[in-house]
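Single-structure report; data block below.
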Amino acid sequence: MRPPVPGWVRSGYKKKAACDRCGFRAKYKEQLGVYHVDGNRHNTAVSNLKTVCLNCAVEIGKIKAGWAPAGLVPDY
């Protein structure tokens with residue numbers, strides 16, 4: 001059996017080559033994940049999805065402040 005396809009994939013979102021938070025450029029696709037800004041994994045609106053590196057994902061979780069980078073706008 002195959003694992004279920006994530007909602008962000010079904011919505012058409014494509015992971016970027018670099019982290020939206022720190023700019024890290026990944027050598028391997030597994031180094032980046034998709035972060036749901038509002039914390040709701042069912043909200044797959046493009047404005048709610050950001051590509052983040054694994055380091056930033058841990059930092060965001062530890063500070064529990066959610067998504068707080070300055071100057072970012074939704075990607076369309």
Check: Are there any pairs, at least 6 apart or on different chains, whose C-beta atoms fall under 7 Å, with the first in the stretch 22-40 and closer than 12 Å to Lys50 by Cβ and the second in a strand (DSSP E or B) and hydroxyl-bearing (Ser, Thr, Tyr), and if so, which?
Finding: Leu32/Thr51; Val34/Thr51
Margin query: For the stretch 3-17, give me each residue that is surrounded by 15 or more Cβ atoms within 10 Å (Cβ to Cβ) and not in a loop (DSSP other than H, G, I, E, B).
Written below: Gly7, Trp8
Notebook entry, point to check: When the stretch 20-68 is examined, which residues are found to be open to solvent by less than 40 Å² (accessible area, probe 1.4 Å), part of a loop (DSSP other than H, G, I, E, B) and at pLDDT below 90?
Noted result: Gly66
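The values are calculated or read from the model by the stated rules, or taken from the named source; none is laboratory data. Since this is a predicted model, take the numbers as computed values, not measurements. So basically every Cβ, Gly included, is an ideal-geometry build from the backbone, and we count neighbours across all protein chains shown. Ligands, DNA and RNA are excluded from the accessible area calculation, which covers all protein heavy atoms including side chains. Shrake-Rupley method; radii C 1.70, N 1.55, O 1.52, S 1.80 Å.
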